[in-house]
Amino acid sequence: MPERGRSLGRLSLPDRIAIAIATAGGAGYSPFAPGTVASALTILVLWLVPFSRAGIVAFLVAIIVVGTWAAERAERVLGGKDPGAIVIDEVAGMTLSVLAFPLTAPVLLAGFLLFRLFDVVKPPPANASQRLRGGIGVMIDDLIAGAYALAVLAVARAVIGWP
């Protein structure tokens, strides 16, 4: 629920849509590790939806564009910088982490573990990127974490042939 004491009923339709998107359909309200829950739900979507290569790229671009708008708006409604309920950034980062690979169980599991690691640790420049304001500031650190995970998966595949 919005933290500024405004009920969802009093929000404009665009604000309600933004909150629904930014919280990944409510996953951001999970009482336990909402970012991890959103990442796990993303794995489920990637596993169940038969994306073509172009389809997953289009999905990622849509998540980034719409998610940035939604995060910007939801941040204002919910109050504060990058409130924990906003998890659309995890959806984007998790999707990026496996973008170049077949969506097999080993790839999704390795991508999930690596993405969560890099999202929590926030190696440079992810840590500094959090200073950016608005929707870009919400999204960018998770996209960087996803890029790191993607790079590690690519190296692992090139060097040892896994996953």
- Task: Kindly indicate whether I88 is under 21 Å from A58 (Cβ atoms) and surrounded by fewer than 22 Cβ atoms within 10 Å (Cβ to Cβ).
- Result: no
- Cβ-Cβ under 8 Å pairs, at least 6 apart or on other chains, segment 39-62 side within 18 Å of L114 (Cα to Cα), far side surrounded by fewer than 11 Cβ atoms within 10 Å (Cβ to Cβ) and of a type outside the set (S, T, N, Q): W47/A105
- Message: For a quick check of your reading of the model, give me the residue pairs whose first member lies in segment 123-146 and is touching a residue at least 12 places away in the same chain (Cβ under 8 Å) and surrounded by 18 or more Cβ atoms within 10 Å (Cβ to Cβ), whose second is charged (D, E, K, R) and not in a helix (DSSP H, G or I), with beta-carbon atoms closer than 8 Å and at least 6 apart or on different chains.
- Response: G137/K81; G137/D82; G137/R131; V138/D82; D141/K122; A145/K122
- Message: If the requirement is being under 13 Å from the mean Cα position of the chain (by Cα), assigned to a helix (DSSP H, G or I), crowded, with 21+ Cβ neighbours inside 10 Å and at pLDDT 95 or above, which of these qualifies: A24, A70, A74?
- Response: A70
- Task: Kindly check whether there is at least one residue in segment 106-121 that is within 23 Å of G26 (Cβ to Cβ), in contact (Cβ under 8 Å) with a residue 40 or more places away in the chain and outside any helix (DSSP H, G or I).
- Result: no
- Query: Which residue out of F59, F101 is within 24 Å of P163 (Cα to Cα), hydrophobic (A, V, I, L, M, F, W, C), touching a helix residue (DSSP H, G or I) at 6+ places or on another chain (Cβ under 8 Å) and not in a helix (DSSP H, G or I)?
  - Reply: F101
- Message: Looking at the structure I just gave you, is V155 more than 27 Å from A54 (Cβ to Cβ), β-branched (V, I, T) and without any contact (Cβ under 8 Å) to a residue 40 or more places away in the chain?
- Response: no
- Note on segment 63-102: residues without any contact (Cβ under 8 Å) to a residue 60 or more places away in the chain and within 18 Å of P34 (Cα to Cα) are I63, A74, K81, D82, G84, D89, A92, G93, M94, T95
- Say we look at segment 94-127 and pick out the residues that are aliphatic (A, V, I, L, M) and under 23 Å from A74 (Cβ atoms); which of these is nearest to the chain's Cα centre (by Cα)? M94
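The values are calculated or read from the model by the stated rules, or taken from the named source; none is laboratory data. Because the structure is a prediction, the values reported are computed rather than measured. Reconstructed Cβ throughout: ideal geometry from the backbone, glycine too, with neighbour counts over all protein chains shown.
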